[in-house]
Amino acid sequence: MGFWGFLNHGWNLPYLVMLGLVAVFLVLQLVGLAGGGDADADLHAEADLDADLVHGAHAEGGGVLGFFGVGRAPLMVVWVTFCLFAGFTGIAFNRWVYEGWRGQYPGWAFPVSLLFACVAGLTAMRLFSGLAARLIDMGGRGSTKKHELAGSLGVVASAQLDARHGEIRVQDARGNELLIHARLDAGDAALKRGDRVVLVDYDAERGLFRASALSGRDE
């Protein structure tokens with residue numbers, strides 16, 4: 001039986017659903033980028049919501065979620081990582097069992113495959129959320145409100161900062177290094193990575209800062 005025939009079994013369904021969700025999400029992200037929308041602003045707003053939810057959970061003693069990365073990284077990173085690694089691990093285990101038992105699938109194999117898949121997914125969640133936490137502030141290193149960063153100096157962290165896209169690296173008053181989303185005013189010349197900027201103000205509805213080039217300003 002070929003690989004596609006092997007996939008067409010009920011014990012592969014949970015893993016196919018996981019991988020299918022990831023595929024649909026990635027397609028939607030690509031469509032959003034192609035359409036020039038503010039997808040990154042939405043993700044930043046989602047990160048803020050994740051932080052608020054998880055901080056509440058921690059206050060109630062829910063530290064297990066934090067151990068696996070929930071709250072240290074955006075929910076997007078957490079669930080995509082889990083589904084991706086758990087999905088591929090489950091299918092790989094099922095394939096190994098199916099070939100080892102010469103086209104048969106014993107009843108014990110499915111719960112064991114779920115166990116392996118969950119272990120792989122949770123392990124990957126912890127590792128990748130730790131990496132993401134170094135780049136994206138989730139509010140765990142201080143209680144700085146975003147509007148308090150207005151007037152702060154920063155440097156362009158993305159390849160380019162213009163009126164449509166861009167990220168800036170900035171330090172808050174507590175010395176925490178934050179990565180925030182920002183835009184230049186329409187008509188301003190695009191800036192490149194490493195250029196110094198000042199955060200002019202914060203648009204709470206869009207979750208975006210308005211930035212301006214620092215050249216020509218007193219430092």
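The values are calculated or read from the model by the stated rules, or taken from the named source; none is laboratory data. Since the structure is predicted, the reported quantities are computational estimates derived from the model, not experimental observations. Ideal geometry is used to build each Cβ from the backbone, glycine not excepted, and the neighbour counts take in all protein chains shown.
Summary of computed values
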| item | result |
| --- | --- |
| First in region 1-25 and in the same structural domain as V97 (by TED's automatic domain parsing), second anywhere and of a type in the set (F, W, Y) and part of a loop (DSSP other than H, G, I, E, B), Cβ under 8 Å, 6 or more apart | H9/Y105; W11/Y105 |
| Unmet criterion (only one of (1) over 26 Å from the mean Cα position of the chain (by Cα); (2) modelled with pLDDT of 85 or more) for L214 | (2) |
| Residue, modelled with the lowest pLDDT, within region 132-149, restricted to residues that are more than 11 Å from L178 (Cβ to Cβ) and under 19 Å from the mean Cα position of the chain (by Cα) | G140 |
| Top-ranked residue of region 89-124 - restricted to ones that are of a type outside the set (A, V, I, L, M, F, W, C) and assigned to a loop (DSSP other than H, G, I, E, B), ranked as surrounded by the most Cβ atoms within 10 Å (Cβ to Cβ) | Y105 |
| Test: L115 is in the same structural domain as L26 (by TED's automatic domain parsing) and modelled with pLDDT of 95 or more | yes |
| Any hit, region 194-202, residues being closer than 21 Å to P74 by Cβ and in contact with a His (Cβ under 8 Å, 6 or more places away or on another chain) | yes |
| Filter result for S212 (assigned to a loop (DSSP other than H, G, I, E, B) and surrounded by 15 or more Cβ atoms within 10 Å (Cβ to Cβ)) | no |
| Residues of region 158-179 satisfying the condition of being surrounded by fewer than 18 Cβ atoms within 10 Å (Cβ to Cβ) and either assigned to a loop (DSSP other than H, G, I, E, B) or out of contact with any strand residue (DSSP E or B) (no Cβ under 8 Å at 6 or more places or on another chain) (or both) | A159, D162, A163, R164, A173, R174, G175, N176 |
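So that you can scan it fast, the table gives a plain yes or no per residue for (1) more than 30 Å from A86 (Cα to Cα); (2) in a helix (DSSP H, G or I); (3) at pLDDT 90 or above; (4) within 21 Å of the chain's Cα centre (by Cα):
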| site | (1), (2), (3), (4) |
| --- | --- |
| R126 | no, yes, no, yes |
| G130 | no, yes, no, yes |
| G151 | yes, no, no, no |
| R183 | yes, no, yes, yes |
| Y202 | yes, no, no, no |
